[in-house]
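Engineer: Structure provided below as structure tokens; questions to follow.
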Amino acid sequence: MNWRGRPLISHQVVIETISAVTTRTGRRQLAEFLSVGNRGEGTRFAADPWLETQSDEGVIVVPDLFDPYDKGDWYRVRRNILAAAALLAAEANRVAPSFVKDQGTIGIEVLPGSRQGQVASGVHPATTFLALVGEQHLPAELAEDIRNFRTRSPSAKVNLTLSELPDFTARPGTEPGPQHPEIMVSPTLTYLERAWDDTKYGRPSARPMIDCVIPTTKDPAIAPEDAHIMNCFVQYVPYQPADGPWDDASRDALANSVIDTITQFAPNFRNAVTHRQVLTPYDLEQRFGLLGGNIFHGEISPDQLFSLRPSPLAAAYRIPLAGLYLCASGTHPGGGVMGIPGLNASRVIIRDSRHRTLGNRAASAR
Ligand SMILES: Cc1cc2nc3c(=O)[nH]c(=O)nc-3n(C[C@H](O)[C@H](O)[C@H](O)COP(=O)(O)OP(=O)(O)OC[C@H]3O[C@@H](n4cnc5c(N)ncnc54)[C@H](O)[C@@H]3O)c2cc1C
């Protein structure tokens, strides 16, 4: 439903509803912006009016020449992220909570019998609602929204270890240089178009778009001396290939296409690879609970953001079940190593706790 109580039955209705509202600051522009997320099958990248350049030139883009940890689209952790994760895990294990629910209320048992009133769920909204809480405890409309929440993703991870750094034709040298921390292979719009075409029909891109990071150029301690780690974020890769489930052969073929593609730009690359690990979207789901392989717990598209993430009935971190909150990427503003959903959720939880405390005091004073 929208703010006027009209059902938002399709993306088109959302656009038209927003578009119909006129303000001095131009609501129509916002509606047009939102329509960008509605990329239908067969839409061409090259025809996208939102791209600033339609140029087909260029070979390799190195977006963050000097320090990819501090700039760019992604958030990076300068030191060993595993140490930070281990600290958090130790704290979580210390309380060893278990999830309990009865008659529409949710709680968490920190120690057997000690029911706590508030639970903040840091997992995918579909896992929280459909697997952990259970559809029978949800309003039907919320359950339907969560089932329809789009959470597929065509990105995979190919992690490599290298005996030496790539020696790029465009900028030679195997000593760490400005070309090494982060490399993006997305040469032309036509290249991206072709890469996407493959995946539309259920095949991994023969020549994929690759966003590579070599973290050992910033933190050599995470690998043995003279060895490097290279993490390749690869698009586009189907969750379920058209010719059958992922197996060792198809994972190996994906790694080969990544290695061959990079070798076109750095001839020493193929021989420098000493180990490989392939995580397809399916593997990301199995290993990390990232449903559909979506690393952001659901597509980041305008109609799945703001008060629509993950559903208008579970926006702003609260849900219709008292005591249960959402605090992860399935809420606004979505994924990335930034912690904003958690920060926002904690504020809502604190505010609700204060209201409850004041309410209890008022009740006992009566
Ligand atoms: C390969 C990869 C590379 C990435 N690179 C970057 C990057 O460079 N920069 C960046 O900003 N973002 C990056 N991201 C995205 C970023 O990691 C996520 O957006 C971020 O971790 C989301 O944090 P979160 O706490 O919301 O969820 P998550 O980090 O997904 O945490 C959810 C936790 O819940 C656990 N879980 C799942 N199901 C259950 C269950 N049923 N019961 C109990 N526990 C469960 C999971 O194991 C996981 O520990 C990357 C993601 C991936 C997968």
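Engineer: Bins of 10 Å, beginning at zero and ending with the bin holding the largest distance: percent of Cα pairs per bin for region 225-366, please.
Structural biologist: P(r) for region 225-366, in whole percents per bin: 10, 26, 23, 19, 12, 6, 3, 1, 0.
Engineer: Can you compute the modelled spin-label distance between ASP219 and PHE288, with each label point 7 Å from Cα toward Cβ, in nm?
Structural biologist: 1.5 nm
Engineer: Still on this structure: When only Cα pairs under 8 Å and 6 or more residues apart are kept, what is the percent relative contact order across region 207-310?
Structural biologist: Reported as a whole number, the value is 20 percent.
Engineer: Would you mind ranking GLU285, GLU193 by Cβ crowding within 10 Å, fewest neighbours first? Each step should come with its number before you reach the end.
Structural biologist: Working: GLU285 19, GLU193 13.
The most exposed by this proxy come first: GLU193, GLU285.
Engineer: So for SER311, SER353, SER186, fewest C-beta neighbours within 10 Å to most, what's the order?
Structural biologist: With the fewest neighbours first, SER311, SER353, SER186 line up as SER353, SER186, SER311.
Engineer: For region 287-366, what D do you get in µm² per second when you plug the Kirkwood radius from alpha-carbon pairs into Stokes-Einstein at 4 °C and 1.567 mPa s?
Structural biologist: Estimated diffusion coefficient is 94 µm²/s.
Engineer: Would you mind checking region 139-180 for residues with the amide N under 15 Å from a putative spin-label position 7 Å along Cα→C-beta of GLN240?
Structural biologist: Zone members listed by number: 151-154.
Engineer: Now a separate question. Once you place label points 7 Å from the Cα toward the Cβ at THR263 and ARG351, how far apart are they in nm?
Structural biologist: 5.6 nm
Engineer: Also, quick follow-up: To the nearest whole percent, what portion of all C-alpha pairs in region 174-236 is separated by more than 17 angstrom?
Structural biologist: 50 percent
Engineer: If neighbour count is taken as other Cβ atoms inside 10 Å, put SER155, SER307, SER329 in order from fewest to most.
Structural biologist: In increasing order of surrounding Cβ atoms, one gets SER307, SER155, SER329.
Any read-out appearing in this document is the output of simple, stated calculations on the displayed coordinates, not a laboratory observation. Since this is a predicted model, take the numbers as computed values, not measurements. Backbone-built Cβ (ideal geometry, glycine too); neighbour counts: all protein chains shown.
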